[in-house]
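Student: Let me begin by handing over the structure; questions about it come next.
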Amino acid sequence: MAFPETKGTETSAGPTAAEVADQERVLAANTAGHGWRWQSLGRWEVALVGFVIATILYGAAESHYFLSGANFFDFGLNIGPIALMALPLTFIVMTGEIDLSVASTLGLASSLLGYLFEHGWPLPVAIVTVLVMGVITGSFNGILVTRLGLPSLAVTIGTLTLYRGIAEIILGSSSVTGFPNAYDTVGTHPIPHTQFTWTLGIFLVLAIVFGVVLHATPLGRSMVAIGLNKETAFFSGIRVKRIKLLLYTLSGVICAAAGVLWTFQYATSRYDAGTGLELDVVTVVLFGGISIFGGRGTIVGVMMAVCVLGGIQSALTLINVSAQAQEVVTGCLLIVSVVLPNSGATIGQLRARWARRAGVP
Amino acid sequence: MMVPITDRATQPAPWRRLATVLFRAREVSILLVVLAVFGLTTAYNTSFADLLSVQQLLVGASVMMILAVGETMVIITRNVDLSVGSVLGLSAYVIGDLFAHFPNLPVILGFLAGVGVGLLCGVVNGAIVVLARVPSLVVTLGTLYVIRGVDAIFVNGVQINPSSIPDSFLGIGYETVLDVPWMFVIASVLVVIVGYIMRTFRPARDLYAIGSDPQAALLAGVPVRRRVFFTFVVSGAIAGLAGGLWLANFATVSSVAGLGYELLVVAAVVVGGVAIFGGSGTVVGAALGAILLNTINQALVATRISAFWDEALAGALLITAIAFDRYVFLRRERALRVRLAHGLS
């Protein structure tokens, strides 16, 4: 992401106070050995724990129904697809890029699944085809970003419109229903012996895998390195473009899978499935403490952000706040999640300026 | 190092020079594409060139042209304003609601109220972007939903009907002067004025400097944060004005007015030759981009290709435009390097 008004200045000009502080922190961390991450990055996660507790308390206070198992199931229905799509986006944002086409990919997957089912394809074959479609849409984003060197923001705004448009061409204003009951139970029955929806259960398993990959494998650390400084990563021998292409493809596949689950969950295939959901997905990732500039954040943070956003939406739904009005809350969360981590640096700078003014008569 | 700029050996053939001019002056090529789309569609369906049809085409493009003016200014500073669609919706509703309560309100006051609403939204956007130093993409993505949500709370399911809006206001939406719709006149005047300002005046030129290199602009003494703040305020105000015209055109407003416009506006602006990473592009180009998207939209209807193709084409056009810009940029860079190598040897 290149919005150097605020950052991306490392290469072109002297470091700001915040960056110097960051560098010192990293230096100190490197000399201090292990355990440093808890000091330097732990703060936002601690705040998130507070947010999670506050959300639960708020929800429980607003409605007795909030902490029931049935509501947990509804919570999973609502937040599950969002959470699933947030995982690959976490990786992408970690490398300093963005993917705004996630919700449109979900919609396209849902439309294609409905179209194929309507034309008599056996469902397992249709599902595999949809996942292959995810590989294609994802790698199309990735190729435009890496091989053509186009800005990911513009590319994915374009494919946001494009993929939704293709979904519209495929299905028009009609909707497809009548999927076999065995599949539609995704939306009515939890995973046996639990209260987890299928989407939320798959999210939990994947989150563990993604967490291990991000925090404990060379691939994951490469992503972090790319996000911290692309040039340095490149000159250290990291295949920057290949990794980014891989991540976009991964995002395409998982969003397509989320589209399949979405279709069965609502037992309907429509071209406008999940319209506008990219806001929630981006909010979860950024509120989870992944820096929009790349290189900082943890999967645990994203998981807690899922709890907070899902919890708030669940509580507001219980007290009959309309979906559109809930967007105020989601939008505010998004703004807060980028403003708060940066406010420390801004205040520091203002203080430095005042000190300078006071010092020079 | 002196580099001979007009070296006869590297002077391209005349047709290539013409091609280069067309490449560089995006306005010309966009206009040609608009005419081509128009011509092809008319060849298929002659009623596409009827006066009424053309008028409808111009009216349809007007709101998008106006939004493109504000968006261009923001994108030139290497920022983006994704909240314009929501601001338009809120402004349109506030104006409609005002007329519903005060039927005798002068038309101009209605517009002023809309501009005021937009101004306020712009101040919020600008203040967060500038004070908190966070990417405008995220901030305006947030305010997109916050403003839309506030709009929904205001509207509360009750939509404004044409009967509660004065005829003098609605007249702007369909009346013409010398067969040119008022909507298009207003949009064109705005484009010309802002286009002139962006060419001529120093604070406006500063926007290009900021977009080319924010650090360099800062070092050159440009008050970067003040200019960026001001740009967001102007963009908001213009979106508020667009809300007024939207209401005059459609005469009814619910909580989904202008939903999703932000993407079309960004597409129009980028197709119109404004670099997504700032520093170059013109208001006129962006307005032509808006006209092109709208012409394609209407052409799909006129040629009886399904209107469902509209969104996909807009997206494809946006991607083509940025890929094309990238190609031209790389080619120019290579040419420059070749010329430098010649100068060195």
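Student: Once the convex hull of the alpha carbons of the protein assembly as shown is built, what does its volume come to per residue, in cubic angstrom?
Tutor: Residue-normalised Cα hull volume stands at 207 Å³.
Student: Given a Förster radius of 56 Å and the C-beta distance between B:Ala36 and A:Leu57 as r, what FRET efficiency does 1/(1 + (r/R0)^6) yield to the nearest 0.05?
Tutor: The computed FRET efficiency comes out at 0.35.
Student: Sticking with this one: What percent do you get for the relative contact order of segment B:26-344 when only Cα pairs under 8 Å and 6+ apart count?
Tutor: In percent, rounded to a whole number, it is 34.
Student: Shape call for segment B:67-157 from the C-alpha gyration tensor, a ≥ b ≥ c root eigenvalues: rounded (a/c under 1.5), prolate (a/b greater than b/c) or oblate?
Tutor: Since a/c reaches 1.5 and a/b is larger than b/c, the shape of segment B:67-157 is classed as prolate.
Student: Now for a separate question. Express the relative contact order of segment A:40-338 as a whole percentage, based on alpha carbon pairs under 8 Å and six or more residues apart in sequence. Walk me through the intermediate numbers first.
Tutor: Values: 504 pairs, mean separation 109.3, N = 299.
Relative contact order for segment A:40-338 comes out at 37 percent.
Student: For a footprinting-style exposure proxy, rank A:Ser269, A:Ser174, A:Ser322 by other Cβ within 10 Å, fewest first.
Tutor: By the 10 Å Cβ count, ascending, the order reads A:Ser174, A:Ser322, A:Ser269.
Student: Still on this structure, I have one more. Output ³J(HN,Hα) for segment A:156-170: one whole-Hz value per residue in order, computed from phi by the Karplus curve 6.51 cos²θ - 1.76 cosθ + 1.60 with θ = phi - 60°, and x for Gly and Pro.
Tutor: Whole-Hz 3J(HN,Hα) from phi for segment A:156-170: 7, 5, x, 6, 3, 5, 4, 5, 5, x, 5, 4, 5, 5, 5.
Student: Round to the nearest 0.05 the FRET efficiency obtained for A:Arg242 and A:Ile136 when R0 = 25 Å and r is the Cβ-Cβ distance.
Tutor: 0.90
Student: Which shape class, rounded, prolate or oblate, goes with segment A:40-338 when its Cα gyration tensor gives a ≥ b ≥ c as root eigenvalues, a/c under 1.5 marks rounded, and past that a/b bigger than b/c marks prolate?
Tutor: Numbers: a/c = 1.74, a/b = 1.08, b/c = 1.61.
The shape class here is oblate.
Student: What list of ³J(HN,Hα) couplings, whole Hz, do you get for segment B:33-38 from phi and the Karplus terms 6.51, -1.76, 1.60, once you set θ to phi - 60° and write x for glycine and proline?
Tutor: Going residue by residue, I get 5, 4, 4, 5, 4, 4 Hz, with x marking Gly and Pro.
Student: Which value in deg cm²/dmol, rounded to the nearest 500, describes the helix-derived mean residue ellipticity at 222 nm for chain B, given -39,500 (n - 2.57) per DSSP H run of n ≥ 4 and division by the residue count?
Tutor: Value at 222 nm, helices only, nearest 500: -25500 deg cm²/dmol.
Student: Using modelled backbone amide H atoms (1.01 Å from N, in-plane), which distant-in-sequence or interchain residues come within less than 5 Å of B:Val253's amide H?
Tutor: B:Ile160
Student: Can you list the residues, at least 5 places off or on another chain, whose amide H is less than 5 Å from the amide H of A:Ile292, using H built in the peptide plane?
Tutor: Here the answer is none, since no amide H 5 or more places off falls under 5 Å of that of A:Ile292.
Student: Hey, fewest Cβ within 10 Å first, where do A:Ser111, B:Ser255 land in order? Mind showing how you got there, number by number?
Tutor: Values: A:Ser111 29, B:Ser255 23.
Final ranking by Cβ density, sparse to dense: B:Ser255, A:Ser111.
Student: Tell me whether segment B:26-344 comes out rounded, prolate or oblate; compute the Cα gyration tensor, take square roots of the eigenvalues as a ≥ b ≥ c, and use a/c under 1.5 as the rounded threshold.
Tutor: Details: a/c = 1.97, a/b = 1.23, b/c = 1.60.
Oblate, because a/c is 1.5 or more while a/b does not exceed b/c.
Student: Tell me, what ³J(HN,Hα) does each residue in segment B:321-328 have, in order and in whole Hz, if you take phi through Karplus 6.51 cos²θ - 1.76 cosθ + 1.60 with θ = phi - 60° and put x for Gly and Pro?
Tutor: Each residue's phi maps through the Karplus curve to give 4, 5, 5, 5, 4, 4, 4, 4 Hz.
Student: Take the alpha carbon atoms of segment A:142-181, find their center, do the same for segment B:162-184, and report the distance between the two centers in whole angstrom.
Tutor: Taking the Cα centre of each part, segment A:142-181 and segment B:162-184 sit 37 Å apart.
Student: Okay, moving on. Fewest Cβ neighbours within 10 Å first, please rank A:Phe75, B:Phe277, A:Phe91, B:Phe102 accordingly. Numbers along the way, then the final one.
Tutor: Values: A:Phe75 24, B:Phe277 18, A:Phe91 28, B:Phe102 12.
Going from sparsest to densest Cβ surroundings: B:Phe102, B:Phe277, A:Phe75, A:Phe91.
Read the figures in this text as sums done on the coordinates, not as results from a lab. Since the structure is predicted, the reported quantities are computational estimates derived from the model, not experimental observations. FYI the Cβ positions are ideal-geometry reconstructions off the backbone, even for glycines, and counts take in every protein chain you see.
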